Amino acid sequence: MERAYKALQRQYRGAKLHYGKGLTETGETRKVGDVFVRLMVLERSELKSAFRDSNFGTAAEANRRIEHVFNELARRTSAGTRRTVELSQLFPESGSSDNGSVRILLLASAGCGKTTLMMKFCPLMWANNELWSDRFDLVICGELRNAEIRGASGLGDLMGGWSRLGVESTDERQRIVDFVADNPHRICVILDGLDETKLQTCSSYVQALVRGEELSGIRLVLTSRPCDDVFNLCEAYPFSKRVELIGFLPKDVEVYVKRVLDEQKA
């Protein structure tokens, strides 16, 4: 167990972001922790999203749309129809619902940062003992666009293969599997890009995991763009919580750009 934990920590601490020539002069790679800025996450009770259209079109259209999103955000939060969700509060308090799975759906339009947030930033924070470290012994991330993840037949496959984690012996693998079976609420699985694949093309293990039928008691986060297939899944297999990632707060946009450009100058 310790070997797998340390291997995941090393993997997450090495997470980086690549910026093309549009923002930096030559295209740069940055460590996630050096440039990432807090994103706004709202809890939502309704299924349909107010921000479904991810095609911004021209720059003028993009500016008008961004202004609309922030105005709508201000209206809804001030009216109390949605509440902001801190990442530390994404899951129920330890000890509550430990006998049942907690499945969270995080929706966001294209380009809002859901993959960076859930696949790079949150795992990095966990690895650095700054987020969920008292909640989870393992945080496992997988992209559903990856054929190996879609075809996973067990926990080892979700973690990228036992060998990648340095877990070679059958006995050690079994100890990890047994620990997860006995303590599923201490395991967080994040699957990114539900909208980028058809669930029926995934292995029976992954399908059961997404529907909450595998590893009872586990904490699962699914990310997706809003789409009919995901809404249908919500109706057939209700999630414990649905949240929507809006993106940067207006005051944080300048902070983010400065961090990227200042790193470039350095």
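Each residue in segment 107-160 was checked for being farther than 24 Å from Pro184 by Cβ and open to solvent by less than 10 Å² (accessible area, probe 1.4 Å), and 2 of them qualify.
All of (1) open to solvent by less than 40 Å² (accessible area, probe 1.4 Å); (2) at pLDDT 80 or above hold for Val69 with one exception: (2). Can you find even one residue in segment 170-182 that is assigned to a loop (DSSP other than H, G, I, E, B) and free of Cβ contacts under 8 Å to residues at least 60 places away in the same chain? No: zero hits. Applying the set (1) under 25 Å from Ile246 (Cα atoms); (2) open to solvent by less than 10 Å² (accessible area, probe 1.4 Å); (3) hydrophobic (A, V, I, L, M, F, W, C) to Leu233 leaves exactly one unmet item: (2).
Among the residues of segment 183-222, those identified as in a helix (DSSP H, G or I), among the β-branched types (Val, Ile, Thr) and open to solvent by less than 50 Å² (accessible area, probe 1.4 Å) are Val206, Val210. Based on what the data block shows, is Gly100 open to solvent by 10 Å² or more (accessible area, probe 1.4 Å) and closer than 30 Å to Gln200 by Cα? Yes; evaluated as a whole, the condition is true for this residue.
The values are calculated or read from the model by the stated rules, or taken from the named source; none is laboratory data. These figures come from a predicted structure and were not determined experimentally. All Cβ positions, even for glycine, are placed from backbone atoms using ideal geometry, and neighbour counts span all protein chains on display. Surface accessibility is based on the protein's heavy atoms, side chains included, excluding ligands, DNA and RNA. Shrake-Rupley method; radii C 1.70, N 1.55, O 1.52, S 1.80 Å.
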